[in-house]
Amino acid sequence: MKNRLRELRVVRRWSQTDLADRLDVSRQTIYAIETGRYDPSLPLAFKIAAVFGEPIEGLFFPDEDTDSAT
């Protein structure tokens with residue numbers, strides 16, 4: 001899943017550690033989400049959206065190559 005996490009974090013001049021502290025997760029979790037190696041749980045996704053004041057669908061979106069074949 002792709003996301004805008006890094007973009008929004010950088011605009012606010014927050015480090016990965018700053019964001020991790022706000023979300024009560026590890027810096028490694030933030031790195032994994034930003035790089036698409038980990039998809040956050042729904043509760044964590046809601047928490048991330050709240051921290052940035054954005055709707056979830058404005059933060060996370062599916063990879064283009066995961067469309068189902070017809």
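Every number in this text was worked out from the coordinates using simple rules, so none of it is lab data. All figures in this text were calculated on a predicted structure; none of them were measured in a lab. Positions of Cβ are generated from backbone atoms using ideal geometry, with glycine treated the same way; all protein chains shown enter the neighbour counts.
Couple of notes before you dig in:
- Per the Debye calculation on the chain with a single equal scatterer at every Cα and no solvent contribution, log₁₀ I(q)/I(0) for q = 0.21, 0.26 Å⁻¹ amounts to -0.85, -1.30.
- In plain terms, the chain from Tyr38 to Asp63 could stretch by 7.7 nm, reckoned as 0.36 nm per residue minus the Cα-Cα distance.
- FRET efficiency, 1/(1 + (r/R0)^6) with R0 25 Å, evaluated for Tyr31 and Glu54 via beta carbons: 0.80
- Whole-number percent relative contact order across the chain, with pairs defined as alpha carbons under 8 Å at least 6 apart: 41
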